[in-house]
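Reviewing the structure listed below.
Where a number appears in this text, it was derived from the coordinates with a stated rule and is not lab data. These numbers come from a predicted model, not from an experiment. Note that each Cβ is placed from the backbone with ideal geometry, even for glycine, and that neighbours are counted across all protein chains shown.
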Amino acid sequence: MKFAHRLAYYGLGLFFGIVILIFFLGGKKTSCDYSPNARVLKNIRIKKRQFSKNSMNFFSSNNIDTSVVSEILNKGDVDFNKSDTDAKPCNIYIIYGASNFSNIELEIENCDSTAIVKNASIKKDE
């Protein structure tokens, strides 16, 4: 068989394979969260969220809506150097991200069924 024929068969199979994958996976909400940062943020996003008094005081005193937390959990970054991933009973993560207001740093206690926003602060430029 000539190389051109092999290439045509390969291309045809690749095309049909991609079409089948798009058909089967097209309607599903699939994601590729393989990095540690993405896994932690997704894990926190899917849990019930609670706010401590300190964090609510920060949001109310700075006139910031708590929906900023959802925005940061979608586009933010986890600082694993400052986080305590071995804390018992719940891991504590430091997450920072930019919002319309400024750079906000969150301290989140990630438990089995809830994620508690312990503290929030405006991150200073370093």
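Its residue count N fixes a reference of 2.2 N^0.38 Å for the chain, and the Cα radius of gyration divided by that reference is 1.56.
Entry note, the chain: relative contact order of 22 percent, from Cα contacts under 8 Å with a spacing of 6+ residues. Comparing ASN63, SER113, ASN81 along the charge dipole axis of the stretch 36-122, the residue lying farthest to the positive side is SER113, per the Cβ-charge model.
Highest mean packing comes first when the peptides 54-66, 77-89, 6-18 are listed by Cβ atoms within 10 Å, giving 54-66, 77-89, 6-18. The lysines within cross-link reach of LYS75, meaning a Cα-to-Cα straight distance under 19 Å and a gap of 8 or more places when in the same chain, are LYS29, LYS42, LYS47, LYS48, LYS123, LYS124. Annotation: lysines with alpha-carbon distance below 21 angstrom to LYS2 (same-chain offsets under eight excluded): none found.
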